[in-house]
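Structure first, then comments.
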Amino acid sequence: MFQNLATNYEPRGIGVWFVSVDDAPDKPTALQILKESGIAPPTFWAAGDLEPFKRALNPRWPGMIPATFLFDASGKLRYFWGGPVYEEEIVPIVEGFLAGEPIDGEADFTLSPGKVLR
């Protein structure tokens with residue numbers, strides 16, 4: 001789903017980046033999963049202590065994985081999904097963001113407890 005989003009939104013100025021936070025010994029397995037899943041670059045690896053990485057993304061992020069972040073062009077976090085996110089959740093938010101709606105749901109870490117219907 002995320003690879004499709006990346007393909008569809010890249011021409012509209014939205015980049016999708018995949019970041020692995022797997023431990024170093026698991027890096028080959030993580031890379032193989034990305035390859036088998038057809039995930040195209042850019043992909044990144046968060047190495048070392050994850051606390052500075054988490055603080056840089058958002059100091060209030062407790063660290064649950066998976067996590068999805070929507071940043072604007074200035075680097076401001078506009079929306080956060082903790083745990084799995086579904087296409088029917090993310091697409092309306094991204095479309096609204098692209099339409100200039102005041103998307104700013106980053107402070108609520110309970111936005112994605114499971115599948116949310118809008």
**Report entry** Tabulated pairs, the range 72-87, first within 18 Å of PRO59 (Cβ to Cβ), second of a type in the set (S, T, N, Q) and surrounded by 12 or more Cβ atoms within 10 Å (Cβ to Cβ), C-beta under 7 angstrom, 6+ apart or interchain
**Finding:** LEU77/ASN58; PHE80/ASN58; TRP81/THR68; TRP81/SER112; GLY82/SER112
Query raised in the report: Hey, does the range 7-19 have a residue that's over 28 Å from GLY105 (Cβ atoms) and among the small types (Gly, Ala, Ser)?
Result: no
Report task. Tally the residues that are outside any strand (DSSP E or B), under 18 Å from ARG12 (Cα atoms), touching a strand residue (DSSP E or B) at 6+ places or on another chain (Cβ under 8 Å) and in the same structural domain as PHE97 (by TED's automatic domain parsing), restricting the search to the range 39-80. Result -> 1
Query raised in the report: In this structure, does ALA6 turn out to be in contact (Cβ under 8 Å) with a residue 12 or more places away in the chain and in contact with a Phe, Trp or Tyr (Cβ under 7 Å, 6 or more places away or on another chain)?
Result: no
Query - In the range 72-102, the residues that are among the small types (Gly, Ala, Ser) and in contact with a Ser or Thr (Cβ under 8 Å, 6 or more places away or on another chain) - result: GLY82, GLY83
Requested in this report: Examine the range 88-107 for a residue that is in a strand (DSSP E or B), out of contact with any Pro (no Cβ under 7 Å at 6 or more places or on another chain) and either within 16 Å of LEU5 (Cβ to Cβ) or not assigned by TED's automatic domain parsing to the domain that holds MET1 (or both), and state whether such a residue exists.
Outcome: no
Query raised in the report: Say we look at the range 1-38 and pick out the residues that are outside any helix (DSSP H, G or I) and touching a strand residue (DSSP E or B) at 6+ places or on another chain (Cβ under 7 Å); which of these is farthest from GLY96 (Cα to Cα)?
Result: SER20
Requested in this report: Take GLY83 and decide whether it is in contact with a Pro (Cβ under 8 Å, 6 or more places away or on another chain), closer than 22 Å to MET1 by Cβ and either modelled with pLDDT under 85 or of a type in the set (Gly, Ala, Ser) (or both).
Outcome: yes
Query - Test result for LEU34, assigned by TED's automatic domain parsing to the domain that holds GLY13, surrounded by 13 or more Cβ atoms within 10 Å (Cβ to Cβ), out of contact with any Asp or Glu (no Cβ under 6 Å at 6 or more places or on another chain) and at pLDDT 85 or above - result: yes
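The values are calculated or read from the model by the stated rules, or taken from the named source; none is laboratory data. These numbers come from a predicted model, not from an experiment. Note: ideal-geometry Cβ built from the backbone for every residue, glycine included; neighbour counts use all protein chains shown.
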